[in-house]
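Participant: Take this structure, written in structure tokens, and hold onto it; I'll ask about it next.
The values are calculated or read from the model by the stated rules, or taken from the named source; none is laboratory data. As the structure is a prediction and not an experimental result, all values here were calculated from the model. Side chains are part of the model used for accessible areas, which takes the heavy atoms of the whole protein and leaves out ligands, DNA and RNA. Shrake-Rupley method; radii C 1.70, N 1.55, O 1.52, S 1.80 Å.
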Amino acid sequence: MPNKLGETPTSGTNTTIPQELIDTIIDVVAENGDTSFDDLKACSLTARRFRARTLCHLFLCLTARTRTRWPQFLELISESPHIPSHYTILKLVSHSRDVQRRVTATITLERVFASLVNIQVLWLHRYWGRVIAQPSLYAYVVAMPLKEVHLHFTLFRSVKEFAVFCKEALRGVRVVELEEPYLAALPEILDGSDFVAQDAPPVLRKLAVHHVQPGIVDAIAMGCIGSLRAVEQLDYNGPNCLALTKFLDCRALKILFLQVALDGGSEPLSTAGHFPCLECLTMDFGAGGKNLLLAWLTHCISSRRIGSRLKHLSFEGYLYRYLNLSALTTFDQVMSENLAQFPALKGMTIPRGIRKIDAVKELMPKLAALGFISW
């Protein structure tokens with residue numbers, strides 16, 4: 001009986017299925033939600049040509065928690081030494097301060113990190129920041145070929161420790177997400193001499209900054225995560241506009257999401273930013289900085305600081321709560337007068353709601369009459 005997968009094709013007839021097609025089928029199976037894991041295990045037993053691709057999905061992500069049984073994991077990779085090389089995502093998660101005592105007491109963790117040679121995506125959650133600061137583990141983290149790093153509520157002893165970690169571990173990283181990393185001590189005054197980025201080509205393409213402390217903001221502005229000149233996507237959610245101004249000198253930006261918690265300090269923001277490449281702009285008015293953001297956007301449009309490539313403009317959140325409604329009328333006037341500079345922009349999306357629709361027609365009558373606003 002000939003093998004339908006083509007490993008032993010019949011004479012005179014080539015029934016070989018291209019490897020690219022097999023890989024594509026397995027990739028589709030891997031996206032099949034809750035059943036994908038069992039399906040992938042079945043695929044791995046189908047034929048030898050299925051095995052390599054299924055292993056890449058079965059052993060894609062390693063999630064470590066406080067009580068992860070590291071000796072059992074080492075036993076597994078001792079029996080199957082090819083497994084660790086398939087892991088490309090490492091998630092270190094902990095909600096307990098106890099993780100440092102529990103993990104550091106496990107001497108096998110160093111052997112685990114030594115086996116993970118292809119990690120490209122690293123997630124550090126809470127107290128794991130203190131664990132990897134140990135010299136025996138830190139060296140392995142720095143050596144990882146990282147392309148993406150997520151710091152979620154990660155604890156650092158000082159701004160300088162954060163900055164040095166970024167400089168040494170984030171070289172070559174294209175995506176950085178900072179979700180409320182916090183410090184064990186008050187931010188110190190930095191001069192940047194120890195960690196300013198070297199004169200290397202900028203590689204960072206996507207940056208997310210959510211509720212980051214001022215000391216960390218200053219360290220980023222000084223270059224601890226590398227140059228921001230090539231950043232194409234910025235997601236900023238922060239407490240004030242003074243911090244935001246440090247991120248708006250990214251002229252390569254194509255996608256920009258903004259949310260500011262507090263109004264105030266409009267002078268630094270009013271002159272910040274020039275976006276010749278911007279294609280998508282989203283402003284979330286769910287927090288308190290509505291008036292400032294809207295005034296800034298109006299000023300950017302009137303001063304032509306947003307280029308002609310803009311395709312999508314949307315407002316999110318509670319647009320009408322605590323908003324100076326005259327600001328909408330001013331925006332309506334300025335935007336309607338400058339629509340010609342955005343030939344690719346076909347409309348603006350705002351939050352849906354019956355009362356809001358009526359209010360928009362009254363407060364932004366010119367854009368509404370042009371059919372420019374959608375819900």
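Participant: Report the accessible area of Trp70, computed with a 1.4 Å probe over the heavy atoms of all protein chains in place, in Å² rounded to the nearest 10.
Facilitator: Accessible area, nearest 10 Å²: 10 Å².
Participant: Could you order Asp23, Asp39, Asp249 by accessible surface area, starting with the largest, using a probe radius of 1.4 Å?
Facilitator: Details: Asp23 35, Asp39 60, Asp249 115 Å².
From most exposed to least exposed: Asp249, Asp39, Asp23.
Participant: Here is a further query. What figure, in Å² to the nearest 10, do you get for the accessible area of Glu110 with a 1.4 Å probe and non-protein molecules left out?
Facilitator: 80
Participant: Within straight cross-link reach of Lys91, meaning Cα distance under 16 Å, which lysines are found once same-chain residues fewer than 8 apart are removed?
Facilitator: In chain and number order, the partners are Lys147.
Participant: Lysines near Lys346 by alpha-carbon distance under 19 Å, same-chain residues fewer than 8 away left out - which ones?
Facilitator: Reachable lysines: Lys254, Lys311, Lys361, Lys366.
Participant: Would you work out the relative contact order for region 21-75, in percent, from Cα pairs under 8 angstrom that are 6 or more residues apart? Provide the component values of the computation, followed by the final result.
Facilitator: On the way: 32 pairs, mean separation 15.1, N = 55.
Once normalised by length, the contact order is 27 percent.
Participant: Okay, moving on. Which lysines have a Cα less than 16 Å from the Cα of Lys246, not counting those fewer than 8 places away in the same chain?
Facilitator: Lys206
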